[in-house]
Every structure is written in structure tokens, then in C-alpha cells.
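Peer 1: There's a structure below that I have some questions on.
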Amino acid sequence: SINETANFAAYFSASQAALSTPHLYISSLATWLNDSSLTQGWKKFFPLIPSVTGDRRMTMSQVNILQTNIVGCVAFSHDSKWIVSGSYDKSVRVWDASSGTEMQQLHGHNEEVTSVAFSPDNKSIVSGSSDKSVRVWDASSGAELQQLHGHNKKVTSVAFSSDGKWIISGSDDKSVRVWNVSNGATLKQLIGHNKRVTSVAFSQDGKWIASGSDDKSVRVWDSFSGTELQQLNGHASYVASVAFSPDGKCIVSGSDDESVRVWDASSGTELQHFNGHRNGITSVAFSPDGKCIVSGSDDKSVRVWDLSNGVELQRLNGHSGSVRSVAFSPDGKCIASGSDDKFVKVWNASSGAEMQQSDGHTSYITSVSFSSNCKWIASGSDDTSVRVWDVFSGTLVQQYNGHTKAVKSVAFSPDGTCVVSGSDDRSVQVWEASSGTKLQQYNGHKGGVTSVAFSLNGKCIVSGANDNSLRVCDTSSGREIQQLNGHKKAVRSVAYSPDSKWIVSGSDDNSVRVWDASSGTELHQLNSHTDYVRSVAFSPDSKWIVSGSDDNSVRVWDASDGVELKCLDGHSGYIRSVAFSPDGKCIVSGSDDKSVQIWDASSGTKVQQYNGHKSGVTSVVFSPDGKWIVSGSNDKSVRVWNAFCGAELPQTISDTDWVRSVAFSKDGKCIVSGDLSMIVYDTPYSMWTSTYNGWIVLPFTSHWVMWLPDHVCNAMYHPLNTLIIPSHDYFHVDLSFSTFGEKWAQCYNSPT
């Protein structure tokens, strides 16, 4: 259709594909809506373009609330904690937005409730009904505060002014009324529409009122004088919903003509025209930042649009009846929708990201560790628990509960029989890995424990804490052996040398310190950094130390005498993580500048820079065979890179929150990442790589194959991934029968 073609044109023009050469333009077709007539049509002509599979416009609802009848309207409280809904069962109900628990049931209307809204202070709720009344309720007690009578037909829409002093209502009697909240008096009656008024809205500054009507028009009124300022004509059928943008400069309207339109509020000029719904639009709303619009329709879908270019960002399918009402939460994180199917659904509003309910940790995963036999993974979380998982099945093997605050660091003992954990509750706890029995608890630190590590023989544990100290304790007895004092601020990172002779620590006092592991004597203080030291590590032969700092530098030191050997400058942001390659010849670093960089350890030369992350890199590590590098980032992804050629492998998985830690198993076959979920990846080589801006390229070449939009590229699932814990839906690209990129001329087939 012409409308869909126009939408695709807007989608294409905003993509990286539009900046490429003409033979790559059609790669954007592969990520357009799979069920559209346009997509089905082009496949006949271009059957050999790579296929992308996955729910490209699908988002799973986070909370489902079942009512007893059709849900006609929904609204969020201004703190995003509550949802109010109105139903054909004549009730107004208040729900907890996070859990779906019913908080209040407000009864008083004699017919179906058509519109609801919270007051700006969340203390009151206004509702309109087919019983011709507008009612005001106490949100906490459910008591009815006011009954506003004046309309002589059904009330279709209600809204509070931003100061909470006025209420406006629209009615089948063709009028808009302005009411005084304190005494219920009618202040003004706005007459102009020649058919019923379906929707009303205040501008944020309270100066203007917008109304939509069955007469196909949108009208703008001066709220103080009641004068009609603008009449916006363009819709081909009745207008069902109107809303102001947060800055009051634009108005969005949805109509039974299946279109969503955006208007300049002051001039009445039509700015945008969105088509995509397959039935009438019932409800529209702006996102709090004014960048997006959400619409609900009789086609049972909720859609999210980019205001700037008209691109459809999401299609939220899940309702089995017409969607009557949609709303953004004030924090912009969620969308609520009410439907004829009797459900109120709450959706994740982020572009393309599916909300999943995890059966595992309930907060950030801060640390992960593999057992020596690679069968188990231990994870620590801000939810205060330590959990052990089966690597192959993802089954929860054990959950260790004992910490009272966030767990910041976990590690398996070298023989895999024990797990040590450090927590913000200031304790170090040792657990039997198989049974979950707590073996020891050490409570010597006077500040939160930030880092823990076993010695090579497993007999000792070193811990660093916010009390500025390092402490060494006996694994079996929990007895403190050493207290290493010297740092003047929090200790962020600790590590044993591979020969267990030394301990290295990094601190917020900008120093790296080397300690004798047996006596606790401070051997060297390395003071070249000018800001916090976030990460430290020994070389495999224990001769060198590498450190990363908030001063944007990576430094290499002689472990025996503390002499600085090299300063590796190249990052433009804080260094969050550093590590040596297994042969000691290379160093990898990850930074807030979003890059992963590889350095020659002997010369200090930068060998590679990997760009692809869209936010700071928090964790980096080499595989045990040195062939791969894995990086974790605040962009919620884990990426795997070829350590030799710098090519990014396609194991780029979009997590549900910041990736705090990543690690390889000893055999190099698996990777684990930590955020709100646990993800395990296989790492065999693949035949394509991707760039930072969404292009798939052939390895060892610069040949572009196809472009992927961010929400697809960031959630690409490699076919060799063995397990995701908890399970998510991701995207797959099939290149096996494609002749594109280098062979682009062969991708076109003329239908017979």
C-alpha cells in the first residue's frame, strides 16, 4: 500500500543503509515487518537476500491485569507506581503498576466508566461515565469527594490541569466543560463542535485545551477565555483521541481513519502523518520526553512511533480485543494498555527490548566464576544471594542465602569444592559448593567487601574492602592471618600472583600496591596513576602487573621492583578492566569510551581497537587459549572478538541490564556474563562479523553484506549459543543460501 511504502521510506531514510551504495539499499528490506504486504512482495524479486528471523516488532507484556468486563480507559499515577482503570462494569480500580495487585475499587457510577486520570499530586482521581457525571475520588481511601453534574449526555473524556485546580470534560452533548475542583462549579462551557466530543487534553502550562470530535476535527481553545484558537482539519473520519506534547508545542490525534497525525499547536499545521494500523485508532499519547508517540487501535495492537521521522519503533501484540486506551508511565519506562479482552497490560517501553520475568536473581549480577571442571557457574548479586548454576542445562543447583546486603564478588576455589563471596554487609563467607552449607564467615572488615580471590592452593582468601584494607584469612578456619593496611581509600581490586607469592591491589587512592603474601609486608607502592585504580592483574609468569585507572591510562609495572615499564595511552574514557593474554604477550583493556583495545605488552603498541559497544565497557578477558576476547558493557551486551584479526564475532547478545562481569571457562568453550540474567555462550568461529553501526561484513574483508537496525543488531543470537538463562527471544540471520554483498548482482530473480 502507499501508506506502508511511505512508512518504509521513512524507515530507510533514517537508516545506515541510506548512506551506503545503491546495491546495499535493499538490505533494509530484510528487517522490515515480516508479515507486511511489502515484505512478502519483495521476496519474490529478491529471494537470495539474507533472512532475519525473530519478533522484530514484538514486546512481551510485563504485567497482566484481568478485570471482569471491558477496560475502557487506563492512566498512570505521576510517580509511575499506580495504574487507574475504568471499566464497563461501572467501577474505577487502582492497581500496583509493578505487581498488578488491586489496591482500590471505587464504586459510584451507574454506567460504564469511559475516562480516568490522576491529579498531579496523585491524591485524587477523576472519572467520567456514561451516566453523564464526572466524579472525583480520594486515591488512597477510595472515598468519593465530588460529583460534577452539567453534561446532559455521556461523558467521554476527563483530564486534570497541571496545577490540579481545574478539570475538563468532553461529552456526547458536543460540549467541553471546565470545572473548579475545589467546589465543583462549572467555570466555562466550550461550544463549537457540531458532533460529540470524544477526547480532551490540557497543555502542560494550562493555557490551552485540545478537543477531538466525531465531526473529524481537532480544536484548540484558550483555557482562560474559552475562545476557539484553531480548528485542525485533515482526518477523514471521527477523531477518537488527542494529547499535547510535554512542551505544549504539538498535538497528536488518532482517528477512525486509521491514521495518527501530529499538528503544530500554535499554527494548526499538520507536521506528521503515521499510517500502519489496520483499523481505527482509539487512543494516543506522547512519551514523557516528547520523542515518541504510542497508539492503540481496534486492530488489537499497540504501536510506538518515532516522532521525528515517523518510523514505527514497536508493535505490541498480545491483546485479543480492541485496545481502548494507552498511556506512557511518567518515567517513560512502561506503557499501559486497556482492552475489550478485559486485560490491562503493562509493557516495556524501550525500543525492541522484550521484558522477561527471570526465575533467577532479582537484581544486578555483580560477579561470576566458573568451577574448575567447567560444570558449574557461581553468581553473586545485589539481591544478596549467591547462586550456583548447571552450565549445560541452566538449572539452579544451589542458592546460598546468608548475606544481608549486596554480594559484590564471588570465586570458586581451585578444586571447585568451595565458593567464597564478599558483600556490602562487610562479611566474607565460604560455602560448600555442592550442598550450599556455609562453612565459614569472616567479619573483620569495617566496610563493604569489594573483591575476593583464592590463593593457588586454595588455603587462603584475600579480600579488599571499602575500609581501605586487604585481609587474608585461612579458608578452613576463617581465622584472619594478615591485615594489609596502607591504602588511604577504598580497595577496588585484588589478585594473587600465579605463584601465590604476591598480592596486588588497586585503590581509590590512585595507587597500586604489591604485598608479600606470606608476611603481609608492603613491598612496593606504584603511584603514577592520577585517579582511581579500578582493575589490576598479574602476567602469567608473575613478572608484570597491569593496572587500569580513571585517568584513562593502562600502565605496566615490574612486579619485582615496582618500576613503571610502560604507560599505554589511547583510551578517551575511564579504564574499567584489564587482563593479560595467556601467553603474556598482549594486554586487553575496556573503557568508558566504549572501545576494547589490545596492546603489545613488550612494546606498548596498540595492536587493535574494537568498536561496537554503544556504552562503556566494564569487563574484558582473554579465553584460556588466547584466541578470543570477551567484553561486557553497560549497553547490556556481551561481545566476542577474534583476538588475532580484530573481527567481532556474532555472539552479540542483548542482556536485560548492565553487564557487570564476564569470564571464560578454563577450556575456552564457554563464556558467562552477569547482569540481571546469566548467559552462557559457545565460542566457535563464525563466518560473519558486525560493525559498530550495524553492518554485517565478511571476515578478513571489508565487504558489507547487509545492515541491521540497533534493536536487531543488539539482540543477535548466534546459532551455536548453547544456553541462555533465563530464556529470551533473539534474532537470527541466515546467510547460508544468500548471494548478497560481494555477489549482490545475483540476489535478484525475475519472477516467472
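The values are calculated or read from the model by the stated rules, or taken from the named source; none is laboratory data. In this text the structure is predicted, and so the values were computed from the model without any measurement. As a convention, Cβ positions derive from the backbone with ideal geometry for all residues, glycine included, and neighbour counts pool all protein chains shown. When the accessible area is computed, the model is the full protein with side chains, heavy atoms only, and any ligands, DNA or RNA have been set aside. Shrake-Rupley method; radii C 1.70, N 1.55, O 1.52, S 1.80 Å.
Peer 1: Is there a quick way to get the dipole size of segment 428-511? I mean about its Cα centre, with the Cβ of Lys and Arg at +1 and of Asp and Glu at -1; what is the value in debye to the nearest 20?
Peer 2: Taking the Cα centre of segment 428-511 as origin, the dipole is about 80 debye.
Peer 1: With point charges of +1 on the Cβ of Lys and Arg and -1 on the Cβ of Asp and Glu, referenced to the Cα centre of segment 137-275, which listed residue (271, 148, 211) lies farthest in the positive direction of the dipole?
Peer 2: 148
Peer 1: What number comes out for accessible area per residue over segment 64-211 if the probe is 1.4 Å? Units Å², please.
Peer 2: So segment 64-211 comes to 39 Å² accessible per residue, rounded to a whole number.
Peer 1: Over 23 Å between Cα atoms, which of 154/195; 123/153; 488/585; 408/488; 333/614 qualify?
Peer 2: Pairs exceeding the cut-off: 123/153; 488/585.
Peer 1: Starting from the Cα of residue 207, move 7 Å in the Cα-to-Cβ direction to define the label point; list residues of segment 255-278 whose amide nitrogen is under 17 Å from there.
Peer 2: 264-269
Peer 1: Let me ask another. Between residue 138 and residue 20, what's the calculated FRET efficiency when r is the beta-carbon distance and R0 is 56 Å? Round to 0.05.
Peer 2: 0.40
Peer 1: Hey, another quick one. Provide the gained length on full extension for the span residue 101 to residue 527, in nm with one decimal, where the gain is 0.36 nm per separating residue minus the Cα-Cα distance.
Peer 2: Contour length minus Cα-Cα distance gives 147.8 nm.
Peer 1: A follow-up question, please. If I compute solvent accessible area with a 1.4 Å probe over the protein chains, what percent of it on segment 139-189 is carbon and sulfur?
Peer 2: The nonpolar share, carbon plus sulfur, comes to 42 percent.
Peer 1: Using mean Cβ contacts within 10 Å as the protection proxy, how do 498-504, 133-139, 616-622 order, highest first? Could you put the intermediate results ahead of the total?
Peer 2: Working: 498-504: 18.6, 133-139: 21.1, 616-622: 24.4.
Highest-to-lowest ranking by the protection proxy: 616-622, 133-139, 498-504.
Peer 1: If the only charges are +1 at each Lys and Arg Cβ and -1 at each Asp and Glu Cβ, what is the size of the charge dipole of segment 62-196 around the Cα centre, to the nearest 20 debye?
Peer 2: Using only the charged Cβ atoms, the result is roughly 560 debye.
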